[in-house]
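Peer 1: Okay, handing you the structure first.
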């Protein structure tokens, strides 16, 4: 999972990279790599192109005059998009860029005192079409990385039991916990227009085991176009392929909150009694679906599909289909957010040989409690872009009375397993930043409610593991390992067994060491743990 540090800072104050990596590692989260283009770039500032004139000896090359706020520089530039009045990334003489240094050069008879950089020269992308034109608010003469994001990212190795770490918000929660910072919890409000979503689409869940929650929201007056620069830059920084503003918004929410979403062209959803209808059901024998990767797939009766009244539209939790995909002609859209059973998604993905960002999250266990918020966040992004109008409310079908996962924790069990004594209040404070909250307590135990985004928390030892992680493995005192009730028997000659061992081991035999037996009187009062009493030696 690649995490953008700029994106992460939306939810928590991010420490410097070294502190961040050390903190995550101590929290049991492996950091595989750090990618920071700024570390390979020095001497680049915000410049202003004051004027541009043609090169006397080269038709496609221009001579520019650039100021850094203190002095003017003549720079020869071959980019077609350079123009007077632009704020640019100006590499002065002596600047260091990935793979080369900036020196004074003569280009076709004209001295050049620096370089106007594209993103590719700065290591931000593989190929650039021209120079990087900065926002007009960039402060003249200031170091480039103080005015724009360097696109610094970290690569995390996320274990199968921690789906909450497959999102920027989830990682921010861990950073806030180990750094003592407060989470920045944004409030996203959707500006709604027009008819209610329930008047435009119907949702029917035929398989409540495979789909415990299904949320739909309609968007009208959709304008499919490229995404705005800020959203494109964030997605590109974490390696996400760009499609269009609608699909990019769903991918943005997936990477931000960890909830996979899908967008359907409402015009291509057949209805029951005239109203477009989405069904969550098992596939029927003989059904075929062409998925978005262009492959026609024969469905299995165990596959969960999203279908309309006529045909399957997508493999639930894995990939949508081409029939209802959003295209340049799409006008009305249905956003889908759902919770699909991990085992079913895993089997479907394996059966069809597919591994997607959506299946990766559903297989591990998506957050049942964030579905509506994720759909609303996507709608809010698209309405703020001016790309759509959001219908009023959502259509939601969910299993009623979902029980909270309550886990009892005995304080003496914490001491026995971890070897440290913690007050009950200390335990509560350690777990609170992880949103593992105490719901009841007495003299000997605490009861905690596991958050919906942590499906790995099920029994007492899971909570104790979180306590150990938060306490810090480096903070445990050194102790001599418990011998476990070992005792000493009088030494006696074993010459015969020694001879047998020397003869048999070279012949390839394996020595078996069985349990030792002794009279109860051998266990004295100073032994911490008594032996196991054998009722029947046979």
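Peer 1: Hey, fewest Cβ within 10 Å first, where do 29, 185, 131 land in order?
Peer 2: Sorted ascending by nearby Cβ count, the order is 185, 29, 131.
Peer 1: Additional query: Would you mind classifying segment 1-131 by shape? Square roots of the alpha carbon gyration tensor eigenvalues, ordered a ≥ b ≥ c; an a/c under 1.5 is rounded, otherwise it is prolate if a/b is larger than b/c and oblate if not.
Peer 2: prolate
Peer 1: Rounded to the nearest 5, what is the percent of antiparallel bridges among the DSSP beta bridges in the chain?
Peer 2: Among the beta bridges of the chain, antiparallel pairing accounts for roughly 95 percent.
Peer 1: Length gain on complete extension for the stretch residue 432 to residue 497, per 0.36 nm per residue less the alpha carbon to alpha carbon distance?
Peer 2: Separation in residues times 0.36 nm, less the Cα-Cα distance, equals 17.6 nm.
Peer 1: Could you work out the relative contact order of segment 77-199? I mean the mean sequence separation of Cα pairs under 8 Å and 6+ apart, divided by the number of residues, in percent.
Peer 2: 19
Peer 1: By how many degrees, 0 to 90 and rounded to 10, does the Cα axis of helix 342-351 deviate from the longest principal axis of the chain?
Peer 2: Tilt relative to the chain: about 70 degrees.
Peer 1: Explain nothing, just the number: relative contact order of the chain, from Cα pairs under 8 Å at least 6 residues apart, as a whole percent.
Peer 2: Taking the mean separation of contacting Cα pairs over the length of the chain, I get 14 percent.
Peer 1: Sticking with this structure for a sec: Which of (i) 3, 14, 19, 18, 17, 13, 8, 5, 2, 1, 0; (ii) 3, 15, 22, 21, 17, 12, 6, 2, 1, 0, 0; (iii) 3, 16, 26, 27, 18, 7, 2, 0, 0 is the computed P(r) over Cα pairs in 10 Å bins from 0, in percent for the structure on display?
Peer 2: Looking at P(r) over Cα pairs in 10 Å bins from 0, in percent for this model, the match is (i).
Peer 1: Could you give the length gained on full extension between residue 311 and residue 242, defined as 0.36 nm per residue of separation minus the Cα-Cα distance, in nm?
Peer 2: Using 0.36 nm per residue and subtracting the Cα-Cα distance, I get 22.0 nm.
Peer 1: Okay, next question. Please rank 438, 211, fewest neighbouring Cβ atoms within 10 Å first, as an exposure proxy.
Peer 2: 438, 211
Peer 1: To continue, here is another question. Given the DSSP H assignment, sum -39500 (n - 2.57) over each helix run of at least 4 residues in the chain and divide by its residue total; what's the result at 222 nm in deg cm²/dmol, nearest 500?
Peer 2: -6500 deg cm²/dmol
Peer 1: Right, another one. So if R0 is 56 Å, what FRET efficiency would residue 510 and residue 270 give, r being the distance between their Cβ atoms, rounded to the nearest 0.05?
Peer 2: Computed FRET efficiency for residue 510 and residue 270 comes out at 0.25.
Peer 1: Please list, in order, the residues from segment 419-451 whose amide nitrogen is less than 15 Å from a point placed 7 Å along the Cα→Cβ vector of residue 185.
Peer 2: Backbone N within reach: 432-438, 451.
Peer 1: OK, next. Using the per-residue mean of other Cβ atoms lying within 10 Å as a proxy for protection, in what order, highest first, do the peptides 504-517, 358-371, 271-284 fall?
Peer 2: Ranking the peptides 504-517, 358-371, 271-284 by packing returns 358-371, 271-284, 504-517.
Peer 1: Moving on to the next point. Mind giving me the FRET efficiency for residue 418 and residue 440? R0 is 25 Å, r the Cβ-Cβ distance, nearest 0.05 is fine.
Peer 2: Approximately 0.70, to the nearest 0.05.
Peer 1: Could you grab the relative contact order for segment 192-398? Cα pairs under 8 Å, six or more apart, rounded to a whole percent.
Peer 2: With pairs under 8 Å counted, the relative contact order is 36 percent.
Peer 1: Separate question: How far, in nm, would the chain grow between residue 126 and residue 447 when pulled straight, counting 0.36 nm per residue and subtracting the alpha carbon separation?
Peer 2: Net length gain for the segment: 110.3 nm.
Peer 1: While we're on this one: Computed FRET efficiency, Cβ-Cβ of residue 209 and residue 106, R0 60 Å: what is it to the nearest 0.05?
Peer 2: 0.25
Peer 1: Could I ask something else about it? Evaluate the distance, in nm, between pseudo-label points positioned 7 Å from the Cα of residue 16 and of residue 59 along their respective Cα→Cβ axes.
Peer 2: 5.3
Each reported figure results from applying straightforward, stated rules to the coordinates on display, with no laboratory input. Here the structure is a predicted model, which is why all the values come from computation and not from measurement. Every residue, glycine among them, receives a Cβ derived from its backbone with ideal geometry; neighbour counts consider all protein chains shown.
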